[in-house]
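Taking it in order: structure first as structure tokens, then the write-up.
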Amino acid sequence: MRLGVLTGGGDAPGLNAAIRAVVRRAQADHGEVIGVRNGWAGLVEPHQTRLIDPHEVSGILAVGGTMLGTSRVNPLKSQGSLGQVASRIGELELDALVAMGGDDTLSVAGALAAQGLPVVGVPKTMDNDLQVTEYCIGFDSAVAIVTEALDRLHTTAAAHHRVMVVEVMGRDTGWVAVMGGLAGGADMIIIPEFPVELSQIAHHLRGRRTRGRDFSIVVVAEGATVGGLADFEVAPEARDQFGHALLSRRGIGAQLAEALEGATGFETRVTVLGYTQRGGAPTAYDRIWATRVGAAAYELAVEGAFGKIPVKRGDGVAVAEIAAVVESQRRVPEDLYELAKVFY
Ligand code: F6P
């Protein structure tokens, strides 16, 4: 068995554990694994693939990032590029390709599988918003980082009697904001699924002061909508190849902090957690889950179950169609959002 493996889209802690699982499983079966550098770019550009020596995966279980590198190169942008990827899979004589990624990377994997190419997927995104699967590699690590940051921000916000706005990742969904906010005791959580008005947030903060709470932690997802704040104009060059706006340039946290200070008169600061949420060592959960799902993807490849992807269902690993996983985004349900409000 000759397998290719690539990681695409934003990196996430746990990717190396998944790569290691694929390589170790292949090694046990005397197979070969070809590493593709930088996501789909590695199958569009020449000389971006090489045989992975099993020794290379020793010691990477605990290391963040991805040993293969990643990119947001999108071969679906032109028929030519998709054709190039298809021919490279043939030239490399791959029996299967394991594509690890979120909705963008997996939409390419699904398109290739639909053309009859031997592709399987692995769900990875710290946003945790793929359909069908209950979990994506990287989410637990991101939530742990947000939780630790909120713990730290509590003590300084309390000492200075300030409002602390904390901007976290979450382009279209608020999983990191809600779970991190619940674990870190946020006093208000603002996410893309449930738009709010600036006046509602200001009212809530004033109410807290009246009740003797002289500091507040407001968690806002980078893609949230707050009525009353200026609209965000995205320059065409500030979009990636999949058409997503670079929200790190939007600065909703800073905008919200300024507007809240103006509306309430409470001293307000902003902290943008940014790429720290994707960096560093994976949690134990991410290491274990990535290992399980990496090994499961290897099994799917061996079985010739192309166009399929291992997903989390309950405590176990189930199998789904890649096309179903990328069909839409899994959004935060109202009951979870409402639960967070109990603690405001
Ligand atoms: O991978 C998803 C994500 O982390 C989003 O939450 C965020 O908007 C985006 O990646 C940032 O992308 P980039 O790494 O291209 O700046």
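Here, each number is a calculation from the coordinates, and none is a lab measurement. Predicted model, so just to flag it, every value in this text is computed and none were measured. Cβ atoms come from the backbone with ideal geometry, glycine included; neighbour counts cover every protein chain shown.
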(message) Ratio of alpha-carbon Rg to the 2.2 N^0.38 Å globular estimate for the stretch 187-268, to two decimals, please.
(response) 1.21
(request) Tabulate in residue order the Karplus-calculated ³J(HN,Hα) for the stretch 204-211, using 6.51 cos²θ - 1.76 cosθ + 1.60 with θ = phi - 60°, rounded to whole Hz; enter x for Gly and Pro. (result) 4, 5, 5, x, 4, 4, 4, 7
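Work out the FRET efficiency for Glu197 and Ala114 from their Cβ-Cβ distance, taking R0 = 56 Å, and round it to the nearest 0.05. Numbers along the way, then the final one.
Working: r = 43 Å, r/R0 = 0.77.
In this case the efficiency is close to 0.85.
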(message) Using the Karplus curve 6.51 cos²θ - 1.76 cosθ + 1.60 with θ = phi - 60°, what ³J(HN,Hα) values do you get for each residue of the stretch 34-47, in whole Hz, with x for Gly and Pro?
(response) 9, x, 9, 6, 6, x, 5, 4, x, 10, 9, 8, x, 6
(message) Using a Debye calculation, one point per C-alpha and no hydration shell, please list log10 I(q)/I(0) for the chain at q = 0.08, 0.12, 0.16 Å⁻¹ in order.
(response) -0.40, -0.82, -1.25
(message) Less than 26 Å apart at the alpha-carbon level, and either on another chain or at least 8 residues along: which lysines does that give for Lys312?
(response) Lys124
(request) For Ile217, list long-range residues whose amide hydrogen, built 1.01 Å from N in the peptide plane, is under 5 Å from its own amide hydrogen. (result) Met164, Asp187, Met188
(message) For a Förster distance of 41 Å, can you work out the FRET efficiency between the beta-carbons of Val319 and Ala183, rounded to the nearest 0.05?
(response) 0.85
(message) For a protection proxy built on the mean count of beta-carbon atoms within 10 angstrom, sort 118-124, 257-263, 208-214 highest first, please.
(response) 118-124, 257-263, 208-214
(request) Would you compute, for the Cα atoms of the stretch 150-202, the largest minus smallest coordinate along each principal axis and list the three values in descending order, in whole Å? (result) 33, 25, 14
(request) Please sort 291-304, 77-90 by packing, taking for each peptide the average over its residues of neighbouring beta carbons within 10 angstrom, highest first. (result) 291-304, 77-90
(request) Return the long-range amide H neighbours of Thr271 (sequence gap of 5 or more, or a different chain), with a cut-off of under 5 Å between placed amide H atoms. (result) Val165, Val166, Glu167
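Can you tell me the order of 165-175, 221-231 when each peptide is scored by its average per-residue count of other Cβ atoms within 10 angstrom, highest first? All intermediate terms of the calculation are to be shown ahead of the outcome.
Values: 165-175: 25.8, 221-231: 17.5.
Highest-to-lowest ranking by the protection proxy: 165-175, 221-231.
Report, as a whole number in µm² per second, the diffusion coefficient that Stokes-Einstein gives for the stretch 140-279 at 20 °C and 1.002 mPa s using the Kirkwood radius over alpha carbon pairs. Each step should come with its number before you reach the end.
Numbers: Rh = 15.1 Å.
It comes out at roughly 142 µm²/s.
Plugging the Kirkwood radius over Cα pairs into Stokes-Einstein for the stretch 191-344, at a temperature of 10 °C and a viscosity of 1.306 mPa s, what D comes out in µm²/s? If you can, show how the numbers build up before the last one.
On the way: Rh = 19.3 Å.
Result for D is 82 µm²/s.
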(message) Can you tell me which of Val57, Val220, Val311 moves the most in a GNM of the chain? Springs connect C-alpha atoms under 10 Å apart.
(response) Val57
